[in-house]
Amino acid sequence: MSNAVDLEKNFNSKLEKNDFVEPKDWMPENYRKHLIRQISQHAHSEIIGMLPEGNWISRAPSLRAKMVLLAKVQDEGGHGLYLYTAAETLGASRDELLGALHTGKAKYSSIFNYPTLTWADIGAVGWLVDGAAIMNQVMLQRTSYGPYSRAMIRICKEESFHQRQGYEIMCHLSFGTEAQKEMAQDALNRWWFPTMMMFGPPDKDSPNSEQAMKWRIKRETNDELRQKFVDRTVEQAEFLGLTIPDKNLKWNEAKKGYDFSEPNWEEFYNVIKGNGPCNKERLEARNKAHSDGAWVREAAMAYAEKKKENILAA
Amino acid sequence: MSKDSQGPLWEVFVQKKAGQPFVHCGSLHAYDKEMALENARDLYTRRSEGSALWVVPAAAIVASSPEDIGPFFEPANDKVYRHPTFYQIPEGVKYI
Ligand SMILES: [Fe+2]
Ligand SMILES: [Fe+2]
């Protein structure tokens, strides 16, 4: 049997070699805690993220748009489930994770506390919000914890359609009537900075993420990912003929990337604290869905028990 | 299990098409085996990833433990003669 020092050495050498850590392997308690927090927050974000888009399913402008949006929202539910089970491999229970979400103890991405006011918002969410999420998730495919990495690989495969369907909506509107183009620009104006916040606070204010980099849970920093996102998105906006709402946005030849304004971090912390435009509504909707479903869970459980008894009696 | 719960955990294995092995693809919660199978279909084969599914109660799986990995798999380590490269065949002999 190995002693504590050996176990820790073994763990560290795994990280150095870019090997994966698997559920039954020894790991530092803080690594486990960090992962449970990060993966479950990620899962909550997928589930809560269904709500702003779900808002438009019944009002989608065509049958095709409705089918696409339904499929996308269903995928997000699936992503939540992959991630919950990944967190459960670390010893957290599903009921405990959901409980933390429902009581407001657990956090989810601040972006989902903004409202989807027009159909163009569905375009902007797919293009920008899923686009930003993909950037983060592509990086997480190489995360050091095996089950998290595997969930990310599945998720990334599904995500690319999400971003493309959003961009397609933006194309329709941007190349449509004057009013449609205005609607697209308005959505970009409202979603740009909240999307930039999705990568988290600047590296200098993000002590958690430094440790996460050491553990190879994260492989790129918040600022690196944000820069990458801006660099890739500017041209896509130009193609649409839309203007990114940032006067400081300009190409910097020296760094081969764009300079841009920081989002308003005060707003970010305020939304995280629960004071965003939709925090209350999101949490209420989630709690209502959960309690409305209670009788279904109870009935399914009773039915399963009864069948077991029948087998024993037979 | 508390009164209100998501039901037990199941592991899901998918076969892409006939002739290929069943591969573990993840897990899910369900109350009984029929529901586990339907949930597996909805969760893991939304894009025709499979033509057959196995669901297994997670509690029924017996797994090796990483602490014993050394001694447990040790018997295979010194048996190089189980590999074809161990054997010397005279030059010029074909198809072997
Ligand atoms: Fe997702
Ligand atoms: Fe998505």
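The values are calculated or read from the model by the stated rules, or taken from the named source; none is laboratory data. For clarity, every value in this text was computed on a predicted model and none was experimentally measured. Here the Cβ is made from the backbone with ideal geometry for all residues, glycine too, and neighbour counts use every protein chain on show. For the accessible areas, the whole protein counts, side chains as well, though only heavy atoms, and no ligand, DNA or RNA atoms are used. Shrake-Rupley method; radii C 1.70, N 1.55, O 1.52, S 1.80 Å.
A few notes on this one:
- Of all the criteria given as (1) in contact with a His (Cβ under 8 Å, 6 or more places away or on another chain); (2) within 16 Å of ligand 1 (Cβ to nearest atom); (3) within 14 Å of chain B (Cβ to nearest Cβ), the one not satisfied by A:H102 is (2).
- Within the stretch A:278-314, considering residues that are outside any helix (DSSP H, G or I) and open to solvent by less than 90 Å² (accessible area, probe 1.4 Å), the one nearest to A:S110 (Cα to Cα): A:C278
- Failed item in (1) away from chain B (no Cβ under 14 Å); (2) among the charged types (D, E, K, R); (3) more than 16 Å from ligand 1 (Cβ to nearest atom), with A:E88 passing the rest: (1)
- In the stretch A:109-124, the residues that are assigned to a helix (DSSP H, G or I), open to solvent by 10 Å² or more (accessible area, probe 1.4 Å) and within 14 Å of ligand 1 (Cβ to nearest atom): A:F112
- Matching residues, the stretch A:152-191, being among the β-branched types (V, I, T) and under 25 Å from A:I39 (Cα atoms): A:I153, A:I155
- Residue satisfying all of: in the stretch A:222-239; among the charged types (D, E, K, R) and within 18 Å of the chain's Cα centre (by Cα); most open to solvent (accessible area, probe 1.4 Å) among these: A:E224
- The residue of the stretch A:81-96 that is nearest to B:T45 (Cα to Cα), among those that are buried (at least 19 other Cβ atoms within 10 Å of the Cβ) and free of Cβ contacts under 8 Å to residues at least 60 places away in the same chain, is A:L81.
- Any hit, the stretch A:85-104, residues being touching a helix residue (DSSP H, G or I) at 6+ places or on another chain (Cβ under 8 Å), within 16 Å of ligand 2 (Cβ to nearest atom) and over 17 Å from A:R164 (Cβ atoms): no
- Test for B:R47: is it at the interface with another protein chain (Cβ under 9 Å from one of its Cβ atoms) and of a type in the set (D, E, K, R): yes
- In the set (1) within 16 Å of ligand 1 (Cβ to nearest atom); (2) crowded, with 23+ Cβ neighbours inside 10 Å; (3) in contact (Cβ under 8 Å) with a residue 24 or more places away in the chain, the condition left unmet by A:M152 is number (3).
- Restricted to the stretch A:1-54, the set of helices (runs of 4 or more DSSP H) holding at least 3 residues that are modelled with pLDDT of 95 or more and open to solvent by 80 Å² or more (accessible area, probe 1.4 Å) comprises A:29-48.
- Qualifying positions in the stretch B:10-38 - surrounded by fewer than 19 Cβ atoms within 10 Å (Cβ to Cβ) and within 13 Å of chain A (Cβ to nearest Cβ): B:V23, B:H24, B:D32, B:K33, B:E34, B:M35, B:E38
- Residues located in the stretch B:40-54, provided they are in contact (Cβ under 8 Å) with a residue 12 or more places away in the chain and either within 29 Å of A:E298 (Cβ to Cβ) or surrounded by 14 or more Cβ atoms within 10 Å (Cβ to Cβ) (or both): B:A40, B:R41, B:L43, B:Y44, B:T45, B:E49, B:G50, B:L53, B:W54
- Scanning the stretch A:155-171 for residues that are buried (at least 18 other Cβ atoms within 10 Å of the Cβ) and away from ligand 1 (no atom under 11 Å from the Cβ) yields A:Q165, A:G166, A:Y167, A:I169, A:M170.
- Condition met for A:G146 (within 14 Å of chain B (Cβ to nearest Cβ) and either farther than 24 Å from A:R219 by Cβ or more than 12 Å from ligand 2 (Cβ to nearest atom) (or both)): yes
- Residue match in the stretch A:22-40 (condition: touching an Asp or Glu at 6+ places or on another chain (Cβ under 8 Å), away from ligand 1 (no atom under 16 Å from the Cβ), of a type outside the set (D, E, K, R) and away from chain B (no Cβ under 14 Å)): yes
- The one condition from (1) assigned to a strand (DSSP E or B); (2) open to solvent by less than 70 Å² (accessible area, probe 1.4 Å) that B:A63 does not meet is (1).
- Only one entry in B:D68, B:D42 is closer than 27 Å to A:A43 by Cβ, within 12 Å of another protein chain (Cβ to nearest Cβ) and assigned to a helix (DSSP H, G or I), namely B:D42.
- Flag if A:E168 is within 16 Å of ligand 2 (Cβ to nearest atom), at pLDDT 95 or above and of a type in the set (D, E): yes
- Residue in the stretch A:56-72 that is of a type outside the set (A, V, I, L, M), in contact with a Ser or Thr (Cβ under 9 Å, 6 or more places away or on another chain) and more than 16 Å from ligand 2 (Cβ to nearest atom) present: yes
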